[in-house]
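Notes follow the structure.
The values are calculated or read from the model by the stated rules, or taken from the named source; none is laboratory data. For clarity, every value in this text was computed on a predicted model and none was experimentally measured. Here Cβ is always computed from backbone atoms with ideal geometry, including for glycine, and neighbour counts include all displayed protein chains. For the accessible areas, the whole protein counts, side chains as well, though only heavy atoms, and no ligand, DNA or RNA atoms are used. Shrake-Rupley method; radii C 1.70, N 1.55, O 1.52, S 1.80 Å.
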Amino acid sequence: MFFRGIRFLSQHCAQRYEMIGELLDREQHDIALLQEVWSEKDFLFLKGKLSSSHPYTHYFKSGVIGSGLAVFSKHRIQDALLYQYSLNGYPYMVRHGDWFGGKAVGLVIVEVFGLKAHVYVTHLHAEYSRAQDEYLPHRIVQSWELLQFVRHTSCGADLVILGGDLNMHPQDLGNRLLRSHTGLRDCYTETDMFDGCEDGHTLIADNHFTKKQDLIPFEKGIRIDYILIKGSHGVNMKCESLSTTKGSVADKPFPYSDHEALTADLSLLRTQDSRNGEYRTSLPVSERMEVVSEARAVVKEGLCLTEALRDKALHLMCGALLLLLLAFLPCLCHFSFTTTGFLGAVCMGALLSGALLYLLFTTHIKVLKETEDQMLLTSNELHTKLTGCTASGSSSSDGSPELQPSSSFKREE
């Protein structure tokens, strides 16, 4: 479920939480993943309402107002882990607000039918302009950190499920980067049964809460919310069906959210021979190299832009310091005490602002450089595999798969 719930700012916030609680209680999903639950009070309301149907919960806390990520489960949550993305917009872009949300990826480990499932929930930085996307380097860094987090924490998992608002179209660079290096598969493209909005759109024009300018140049809608899955050596996982809400809600005056909710019905197939498992990790090496090269180019461009911003912050500091010195030089000061004090306060404010911006951009530069270095290591390793290793053919096996009894697995984001 994807929900924009900022107390005192969102329309009909309390009523919509009531509607969402009723929906989850009625549908009885195994696991529900929510984003943009910014208030812990709202989480506690849902926790109380779903105490019978989903007794196990976890609310991920980060940033100034929280990550907004929450998990409700029928299955006992054994462990949880949160990773907050290193880049997440700018604090001075208050009208966008991403920086204050502390965008992150949360992991919960649950046992489902005797299998260890690693379930991830995330929310990436929004795209405010398709034509001039100043946050693209930040979203690429977040995609890279997300795939690294999934890769390094999913070892030993029988099932891997990732759900969330990626704020990326299916063929966007960050999306391709994530899927190519984790082997995660998109439920929308995998399923044979789909019931929902046209082309799987999760942000549609017919939704009461949708801002039409957010869809430009896509008139009907966009698909930016996903359920991604992967099995393991011993378990195959398939999306039997996928559905979305369709804007309006029967007998209700408004929808659940500006985003449409996704529901996936997943089937699990245990295999006796690990060679029969679906542990297909990714695309061919050459394609993975190409995607990483594209991502590195975006990160480099972001690095250049951030270095330019840091230089401007330095110039602001130097200019403010110079004016401050000139304002208080006795031989040059021809202003009244009040005027001099006012100019001094303005200069001090500019000096402090410049210093804080300089520190902010310096931190961003280090993150961008680190990400580029990691991408270079990955690119070199892929190049070594491509040029120095002989591709091994896939082997067949005589092991016959054993169907898990009653292992249909439903969940909702």
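For the chain, carbon and sulfur atoms together expose 56% of the accessible surface, with a 1.4 angstrom probe and every protein chain in place.
Multiplying the residue separation of S51 and T363 by 0.36 nm and removing their Cα-Cα distance gives an extension gain of 108.1 nm. Accessible surface area normalised per residue over the stretch 45-168 is 36 Å², counting heavy atoms of protein chains with a 1.4 Å rolling probe.
Counting only Cα atoms, the size of the stretch 46-141 along its three principal axes is 47, 27, 21 Å, in decreasing order.
A simple spin-label model places the labels of A250 and K61 4.0 nm from each other, with each point 7 Å out along Cα-to-Cβ. Projected onto planes of every orientation and averaged, the convex hull of the alpha-carbon atoms in the stretch 80-135 covers 5.0 nm².
By the equivalent-ellipsoid construction on the alpha carbon gyration tensor, the stretch 143-245 comes out with semi-axes of 27, 17, 10 Å, ordered largest to smallest.
The simple Förster model, with R0 at 35 Å and r as the Cβ-Cβ distance, assigns Q213 and T338 a FRET efficiency of 0.15.
Spatial offset of the stretch 91-105 relative to the stretch 358-383 amounts to 21 Å, using the alpha carbon center of each. Of the complete DSSP H runs in the chain, those spanning 20 angstrom or more by Cα along the long axis with a mean Kyte-Doolittle score not below 0.5 are 285-327, 337-388.
One chain, two ends: A355 and E290. Fully extended at 0.36 nm per residue, the span grows by 19.5 nm beyond their Cα-Cα distance. Maximal additional length on extending the E301-A131 stretch stands at 59.6 nm, based on 0.36 nm per residue less the C-alpha distance.
Express the C-alpha Rg of the chain as a ratio against the empirical globular expectation 2.2 N^0.38 Å, rounded to two decimals.
1.13
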